[in-house]
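Structure, as structure tokens:
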Amino acid sequence: MTLHSYVIEHDMGFAPNPFHRRCSLAACKPLIRASATLGDYVMGTGTAHNDMRQHLIYWMHIDEIVDFDAYWNDPRFRRKRPVMHGSMAQRHGDNIYHSLPGGGFFQADSFHSQDDGQPDPANRDRDTGRTQRVLLARNFAYYGKHARSIPDEFRGFIKKGPGHRNKFTAANLAYFMEWLLADPARGYIAEPTDWL
């Protein structure tokens, strides 16, 4: 089991998407999506801009990995397709990609498209260029605005800046996971920190 830790630059309910009883990571973080395996954990911490630098926004325990086409076509995940005139949760749906017959990927009107709904090539290339994998979890805790303060003794698990961390000693990881999983709260707990 590996723990992948990173900073959530924009906590909008898009990446990760904690809605509809599944936490999904289908955009951003291509290196984590490319390398994570079943049974791994992913955790995201806050940033200075929302006063959440040493706070846990969410964690997920990966129990399913699919590609973009499977995610798009699976009826279980239809509600994760964005509806740009819907609720905040609907607007931040992350089920936005599927392959095109001639190559490349369709990008739905979404948080990662341009303001007028047209595809955003930079976001599309970053999301699809290295991997087509979508990480899914039924066992997760998304704290959002009720983010948990991470004790000073676990500061080494907080990634600073871009990228991610996933190299920890077995003893330190076991100690941290004991803290992480001690809170019984699960699922969607509070709205994203960057929602007004």
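Looking at segment 99-130, which of its residues are surrounded by fewer than 18 Cβ atoms within 10 Å (Cβ to Cβ), within 17 Å of the chain's Cα centre (by Cα) and assigned to a loop (DSSP other than H, G, I, E, B)?
Arg130
Condition test on Ser99, is it polar (S, T, N, Q) and more than 17 Å from Lys29 (Cβ to Cβ)? Lay out the reasoning, then the answer.
Values: polar (S, T, N, Q): yes; more than 17 Å from Lys29 (Cβ to Cβ): yes.
Yes, satisfied.
One line per residue, one yes/no per condition, for (1) surrounded by fewer than 18 Cβ atoms within 10 Å (Cβ to Cβ); (2) of a type outside the set (S, T, N, Q); (3) on the phi < 0 side of the Ramachandran plot:
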residue: Gly39; (1), (2), (3): yes, yes, no
residue: Val42; (1), (2), (3): no, yes, yes
residue: His49; (1), (2), (3): yes, yes, yes
residue: Arg53; (1), (2), (3): yes, yes, yes
residue: Ile57; (1), (2), (3): no, yes, yes
residue: Glu64; (1), (2), (3): yes, yes, yes
residue: Phe68; (1), (2), (3): no, yes, yes
residue: Trp72; (1), (2), (3): no, yes, yes
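Go through (1) of a type in the set (Ser, Thr, Tyr); (2) touching a Lys or Arg at 6+ places or on another chain (Cβ under 6 Å); (3) in a helix (DSSP H, G or I) and name the single condition Thr193 misses.
Going through the list (1) of a type in the set (Ser, Thr, Tyr); (2) touching a Lys or Arg at 6+ places or on another chain (Cβ under 6 Å); (3) in a helix (DSSP H, G or I), Thr193 breaks only (3).
Taking the conditions exactly as written (at pLDDT 95 or above and part of a helix (DSSP H, G or I)), does Asn95 satisfy them or not? Working first, answer last.
On the way: at pLDDT 95 or above: yes; part of a helix (DSSP H, G or I): no.
No.
With the requirement that a residue be farther than 20 Å from Thr128 by Cβ and buried (at least 17 other Cβ atoms within 10 Å of the Cβ), what does segment 21-34 give you? Explain how you work it out, then say what you get.
Within segment 21-34, the first condition is being farther than 20 Å from Thr128 by Cβ, and the residues that meet it are 21-23.
Result: Arg22, Cys23.
Mind checking which residues of segment 159-173 are without any contact (Cβ under 8 Å) to a residue 60 or more places away in the chain and either of a type in the set (Phe, Trp, Tyr) or surrounded by 11 or more Cβ atoms within 10 Å (Cβ to Cβ) (or both)?
To start, the set of residues in segment 159-173 that are without any contact (Cβ under 8 Å) to a residue 60 or more places away in the chain comprises 167, 169-172.
Asn172 - this is the single residue of segment 159-173 that is without any contact (Cβ under 8 Å) to a residue 60 or more places away in the chain and either of a type in the set (Phe, Trp, Tyr) or surrounded by 11 or more Cβ atoms within 10 Å (Cβ to Cβ) (or both).
Looking at this structure, is Ala141 touching a His at 6+ places or on another chain (Cβ under 7 Å), surrounded by 13 or more Cβ atoms within 10 Å (Cβ to Cβ) and touching a residue at least 40 places away in the same chain (Cβ under 8 Å)? Please lay out each step first, then the result.
Details: touching a His at 6+ places or on another chain (Cβ under 7 Å): no; surrounded by 13 or more Cβ atoms within 10 Å (Cβ to Cβ): yes; touching a residue at least 40 places away in the same chain (Cβ under 8 Å): yes.
The answer is no for Ala141.
Could you list, in sequence order, the residues of segment 39-55 that are within 13 Å of the chain's Cα centre (by Cα) and aliphatic (A, V, I, L, M)? Steps first, answer last, please.
Kept after step one, since they are within 13 Å of the chain's Cα centre (by Cα), are these residues of segment 39-55: 41-46.
Those that are within 13 Å of the chain's Cα centre (by Cα) and aliphatic (A, V, I, L, M): Val42, Met43.
The values are calculated or read from the model by the stated rules, or taken from the named source; none is laboratory data. Computed from a prediction, not measured in an experiment: that's the story for all the values here. Quick reminder, even Gly has a Cβ in these numbers, built from the backbone with ideal geometry, and neighbours come from all protein chains shown.
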